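Read the figures in this text as sums done on the coordinates, not as results from a lab. What you are looking at is a predicted structure, and each value in this text was computed from that prediction instead of being measured. Positions of Cβ are backbone-derived with ideal geometry, glycine not excepted, and every protein chain shown enters the neighbour counts.
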Amino acid sequence: MNKAIPDRSLSIKQGAVRVFRGAEFGESQKDLLRACAREEIDINVPFEELPKTDQDFVIDGERRSGDYTDEDYENDRWYGVRGFFRWLESKTYKMHVRVL
């Protein structure tokens, strides 16, 4: 997670999650801000100063059982930074498919 959150002195509002800063995945930043508001997580303090439970929530998302589905990303459930990367991997165009 050090690459995803390289500067832990930034707050969530300041874009602590690096990949969510750009226009391409900015919607995930909005999802994160909504989830933090719902969970009453302070988005204005540096990420490194958040309680461990709040940091875990941002990174791991809401606990659930089973595999992640597209539905998890379309409702209000926070999928977490790890969940975002799982989703991104599932959408990656596989090299062996391109060769065919």
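Things to note:
- Relative packing of peptides 47-56, 27-36 - highest average C-beta neighbours within 10 Å first: 27-36, 47-56
- Gained length - Thr92 relative to Val45, 0.36 nm times residue gap less alpha-carbon distance: 13.5 nm
- Residue list for the stretch 20-57, given a label point 7 angstrom along the Cα-to-Cβ vector of Arg82 and an amide N cut-off under 12 Å: 56-57
- Our estimate of slack between Arg34 and Asp60, defined as 0.36 nm per intervening residue step minus the Cα-Cα distance, is 7.8 nm.
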